[in-house]
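The values are calculated or read from the model by the stated rules, or taken from the named source; none is laboratory data. Nothing here was measured: the structure is a model prediction, and the numbers come from that model. Reconstructed Cβ throughout: ideal geometry from the backbone, glycine too, with neighbour counts over all protein chains shown. The area values use the complete protein model at the heavy-atom level, side chains included, leaving out ligands, DNA and RNA. Shrake-Rupley method; radii C 1.70, N 1.55, O 1.52, S 1.80 Å.
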Amino acid sequence: MNEGIVLIPTYNERENAELIVRKVFSLPTTFDVLIIDDGSPDGTADVIRQLQLEFPDRLFLEERAGKQGLGTAYLHGFRWALQRDYGYVFEMDADFSHNPEDLIQLYEACTQQGYDLAIGSRYIQGVNVVNWPMDRVLMSWFASAYVRIITGMPIMDATAGFKCYSANVLRTVVRHRIRFVGYAFQIEMKWLAYKYGFRIKEVPIIFTDRTRGTSKMSKGIFKEAFFGVLQMKASSWFRRFNRASAQASAQNEEAALSSAAKSR
């Protein structure tokens, strides 16, 4: 089994791509990196291809045609990582708003403390956000409060995008049709992990807004999250969350895919 891989979706992140990859590879804990690039016109993928010459066995690139959304990028990366038998899969932004050094805290929460999902949380110990305007801080904090009220999910930072999943969580969750592709995707993944009874821990981090490149946030992303939470909660009334059954189905699907691949 491969140990851990960091998934980093990119769109026009040429200014950050090499810096973030080198920082991850400089950590005392070894992580592989998969960049999922959505056809960045600024040449982000070209930067990664050049770096692959230096890190051929640790840096991977998946290129997709056009901007297809954060959620679909991560789902693509999850399936890629599971097919290659990674035990732990991380989500992280390319813009250094997530400190790569905190990957170690998330990893240890899963590997040493026995949690299935570790969340890099901005709000588990006060409000730890740097360089955001106050209106955005308030919007983010109240969004998480709104999620807790609607869903009953006891997570302080429901919209966090810095996470470590065990492979068991992903095998169970990605079988479902994930409804959302933007901001609500992060909420939905936590919701499914919670409903399936996986152990979740919020690890305190300091979130620092990007200093290079352009933010991808928009009002449409927040709108999707607001209405998406209501849809998510309502649909859960008609869905069974049986972890053993879901994992058995996932194993059967993986075995079938493996058998089909060998027969070609």
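Residues in segment 113-147 that are open to solvent by 50 Å² or more (accessible area, probe 1.4 Å) and either among the aliphatic types (A, V, I, L, M) or part of a loop (DSSP other than H, G, I, E, B) (or both): GLN113, TYR115, ILE124, GLN125, VAL127, VAL130, ASN131, PRO133, MET134, LEU138, MET139. On the given criteria, is PHE222 among the aromatic types (Phe, Trp, Tyr) and modelled with pLDDT of 90 or more? No: the conditions fail for PHE222. Scanning segment 187-200 for residues that are open to solvent by 10 Å² or more (accessible area, probe 1.4 Å) and of a type outside the set (Ser, Thr, Tyr) turns up LYS195, GLY197, PHE198, ARG199, ILE200.
Rundown of residues vs (1) at pLDDT 75 or above; (2) within 16 Å of the chain's Cα centre (by Cα); (3) more than 14 Å from ILE119 (Cβ to Cβ), yes/no style:
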{"position": "ARG179", "(1), (2), (3)": "yes, yes, yes"}
{"position": "TYR183", "(1), (2), (3)": "no, yes, yes"}
{"position": "LYS195", "(1), (2), (3)": "yes, no, yes"}
{"position": "LYS201", "(1), (2), (3)": "yes, yes, no"}
{"position": "PRO204", "(1), (2), (3)": "yes, no, no"}
{"position": "PHE207", "(1), (2), (3)": "yes, yes, no"}
{"position": "THR211", "(1), (2), (3)": "no, no, yes"}
{"position": "THR214", "(1), (2), (3)": "no, no, yes"}
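Looking across TRP132, TRP80, TRP141, one residue alone is at pLDDT 95 or above and either over 16 Å from PHE207 (Cβ atoms) or out of contact with any strand residue (DSSP E or B) (no Cβ under 6 Å at 6 or more places or on another chain) (or both). It is TRP80.
Annotation note: Cβ proximity below 9 Å between a residue of segment 155-178 that is more than 27 Å from VAL137 (Cβ to Cβ) and open to solvent by 10 Å² or more (accessible area, probe 1.4 Å) and a residue that is modelled with pLDDT under 90 and assigned to a loop (DSSP other than H, G, I, E, B) (sequence gap 6+ or interchain) occurs for HIS176/ARG239.
Of all residues in segment 226-240, those that are under 12 Å from PHE180 (Cα atoms) have Cβ atoms under 7 Å from Cβ atoms of residues that are in a helix (DSSP H, G or I) and open to solvent by 30 Å² or more (accessible area, probe 1.4 Å), 6 or more apart or on another chain, in VAL229/TYR146; VAL229/ILE150.
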